[in-house]
Amino acid sequence: MADEGKPDKRLKNSKDTSDAESWIFSLVPICVAFIFYIMFILLMEVTQKNLFIAYGAASAIIGLQSYWIVRGWRRHHASTVSMGVIGIVITLGLLKLYLSLQ
């Protein structure tokens with residue numbers, strides 16, 4: 001049981017967020033931008049809208065993974081860098097699979 005006289009460690013370090021929380025909050029601007037991107041593409045007279053949306057989604061995910069690669073590189077976290085590279089490879093693989101099915 002925690003000592004009632006000591007403040008909670010999470011309250012003292014409120015500015016220091018964990019990587020999981022940072023990752024979740026880094027998705028918010030990308031999701032908002034992607035929603036506006038989809039709305040813009042759907043309103044345009046483009047013949048292959050699905051390709052624009054697929055490329056836009058892949059670039060958003062790759063951009064986010066690149067951010068985490070740089071962050072992991074600066075903090076000397078090899079696992080973060082390797083997961084970012086794996087995420088980019090998986091994203092490109094899924095994009096290639098989607099394009100081959102078109």
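Table for the structure above
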{"read-out": "Residue within segment 49-58 that is in a helix (DSSP H, G or I), at pLDDT below 80, hydroxyl-bearing (Ser, Thr, Tyr) and under 22 Å from ILE90 (Cα atoms) present", "value": "no"}
{"read-out": "Among (1) loosely packed, with under 14 Cβ neighbours inside 10 Å; (2) closer than 15 Å to SER26 by Cβ - the single one VAL89 does not satisfy", "value": "(2)"}
{"read-out": "Meets criteria (under 19 Å from ILE30 (Cβ atoms) and not hydroxyl-bearing (Ser, Thr, Tyr)) for ALA58", "value": "yes"}
{"read-out": "Neighbours by Cβ (under 7 Å, 6+ apart or cross-chain): first from segment 37-53, surrounded by 11 or more Cβ atoms within 10 Å (Cβ to Cβ); second in a loop (DSSP other than H, G, I, E, B)", "value": "PHE52/VAL46"}
{"read-out": "Matching residues in segment 13-28 - criterion: being under 16 Å from ARG71 (Cβ atoms), of a type outside the set (D, E, K, R) and either part of a loop (DSSP other than H, G, I, E, B) or at pLDDT 80 or above (or both)", "value": "THR17, SER18"}
{"read-out": "Long-range neighbours under 9 Å by Cβ, at least six apart or interchain, first residue touching a residue at least 24 places away in the same chain (Cβ under 8 Å) within segment 68-80, second of a type in the set (A, V, I, L, M, F, W, C)", "value": "TRP68/TRP23; TRP68/VAL81; TRP68/MET83; THR80/TRP68; THR80/ILE69; THR80/TRP73"}
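Yes/no per residue for (1) out of contact with any helix residue (DSSP H, G or I) (no Cβ under 6 Å at 6 or more places or on another chain); (2) assigned to a helix (DSSP H, G or I); (3) under 22 Å from PHE34 (Cα atoms); (4) basic (Lys, Arg):
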position: ALA60; (1), (2), (3), (4): no, yes, yes, no
position: LEU64; (1), (2), (3), (4): no, yes, yes, no
position: TRP68; (1), (2), (3), (4): no, yes, yes, no
position: MET83; (1), (2), (3), (4): yes, yes, no, no
position: THR91; (1), (2), (3), (4): no, yes, yes, no
position: LEU94; (1), (2), (3), (4): yes, yes, yes, no
position: LEU97; (1), (2), (3), (4): yes, yes, yes, no
position: SER100; (1), (2), (3), (4): yes, yes, no, no
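The values are calculated or read from the model by the stated rules, or taken from the named source; none is laboratory data. The structure presented is a predicted model; accordingly, all values stated were derived computationally and were not measured. Note: ideal-geometry Cβ built from the backbone for every residue, glycine included; neighbour counts use all protein chains shown.
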